[in-house]
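The values are calculated or read from the model by the stated rules, or taken from the named source; none is laboratory data. Bear in mind the structure is a predicted one, so any value in this text is a computation, not a measurement. Because the Cβ atoms are built from the backbone with ideal geometry, glycine has one as well, and the counts that use them run over all protein chains shown.
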Amino acid sequence: MTITLPKEPPMPPPSSTSEWLAARRTGIGGTDVAPILGISKWRKAHDVWLDKTGRREDRQTLAMATGKALEPLVRSIYEERHGEVITTGLVRDRDNAILLGTPDGVTDDAVVEFKTTTKWAFRSWRGVPPVDYWAQMQHYMMLTGRRQAVLAILLKDEADIANGYHEMYVTYDPDWIGSTKSQLTEWWETYVVADVEPPIPEDEEPLAVEGLTIASTDAIETALSDLKEVKGLEKQLSERRKELEAVVKDHMGTADTLVNSGVALATYRNVTQERFDSRAFKDAHPELYPQYTKEISYRQLVIK
């Protein structure tokens, strides 16, 4: 098999994870494209900025570690069906060195990416790769000069490998690449090179950077003092509300309406609701429960 890469000659694979992470910080990789463009379902441009400027250490999630561990299996299945896939190492764009990537592999005419997911997630794709993967493969096709990409997928919760292996195909979109290369370059120069924090949408809040501290000011300490006072008042009012509600409920007994001269003053009626019993579902279907749970991260302010 003859492999030709028309861009910059690829760098050899880093000898360690730290070297690979350091190389990633020198430019925009395939997994950074969708977040920077604001189309990612999983990451934000602000997350990329934190990673690239070294303000947050790259951390491998369990899902990422599982996918990495299963990648050789997915590769072997693909190669049994289609032949050898060549590992390229890190590739940079010849015209713009900040555009880089490490494809899982290439053939003479295609980029190949190996992914794992669950049956539930795969069904939710409805036959179309997630936009993060689509943008990643467009980026890699641009870097390697390929005009086709294959997404080889293994469903890690499928008992039968034959049923759990799937392939999806993506065609190179030169118009999309042409319009996004300038956007990526501008974002890099504006926020990474200039070391300026990118804006965060008003309806979003960045997750905390573990171990990062910031000094207080007189104004902040005044605000904290006032906040403690407000919270104390809230607690007193909540307790008083419960006391008054108990008086009214005790007076009403089993009556559902309180009246004065025929005018309703309050009601205390039965309310029936149907709620999903997640504990019972987990006990009855332990193999399905992980597919219907979602990890949610948020920040909690605690006043010391």
Count of the stretch 158-180 residues which are modelled with pLDDT under 90 and touching a strand residue (DSSP E or B) at 6+ places or on another chain (Cβ under 9 Å): 3
Helices (runs of 4 or more DSSP H) contained in the stretch 159-256 and holding at least 3 residues out of contact with any helix residue (DSSP H, G or I) (no Cβ under 9 Å at 6 or more places or on another chain): 174-187, 218-252
Residue list for the stretch 74-109, filter: acidic (Asp, Glu), closer than 28 Å to Gly27 by Cα and out of contact with any Phe, Trp or Tyr (no Cβ under 8 Å at 6 or more places or on another chain): Asp93, Asp95, Asp108, Asp109
Residue check for Val111: among the aliphatic types (A, V, I, L, M) and exposed (fewer than 13 other Cβ atoms within 10 Å of the Cβ): no
Qualifying residue in the stretch 243-263 (condition: within 30 Å of Ala159 (Cα to Cα), of a type outside the set (Phe, Trp, Tyr), at pLDDT 75 or above and exposed (fewer than 11 other Cβ atoms within 10 Å of the Cβ)): no
Any hit, the stretch 60-76, residues being among the acidic types (Asp, Glu), more than 19 Å from Val196 (Cα to Cα), touching a residue at least 40 places away in the same chain (Cβ under 8 Å) and part of a helix (DSSP H, G or I): yes
Tabulated pairs, the stretch 98-115, first without any contact (Cβ under 8 Å) to a residue 40 or more places away in the chain, second part of a loop (DSSP other than H, G, I, E, B) and of a type in the set (D, E, K, R), C-beta under 6 angstrom, 6+ apart or interchain: Val111/Arg146; Glu113/Asp104
Hey, Lys119 among the charged types (D, E, K, R), surrounded by 13 or more Cβ atoms within 10 Å (Cβ to Cβ), under 18 Å from Gly164 (Cβ atoms) and within 23 Å of the chain's Cα centre (by Cα) or not: yes
So Gly145, is it surrounded by 10 or more Cβ atoms within 10 Å (Cβ to Cβ), touching a strand residue (DSSP E or B) at 6+ places or on another chain (Cβ under 9 Å), modelled with pLDDT of 90 or more and small (Gly, Ala, Ser): no
Given (1) modelled with pLDDT of 85 or more; (2) in a loop (DSSP other than H, G, I, E, B), index of the condition Pro35 fails: (2)
Test: residue in the stretch 180-193 that is surrounded by fewer than 17 Cβ atoms within 10 Å (Cβ to Cβ), of a type in the set (A, V, I, L, M, F, W, C) and over 16 Å from Asp109 (Cα atoms): yes
For Ile28: the one exception among (1) hydrophobic (A, V, I, L, M, F, W, C); (2) at pLDDT below 65; (3) touching a helix residue (DSSP H, G or I) at 6+ places or on another chain (Cβ under 7 Å): (2)
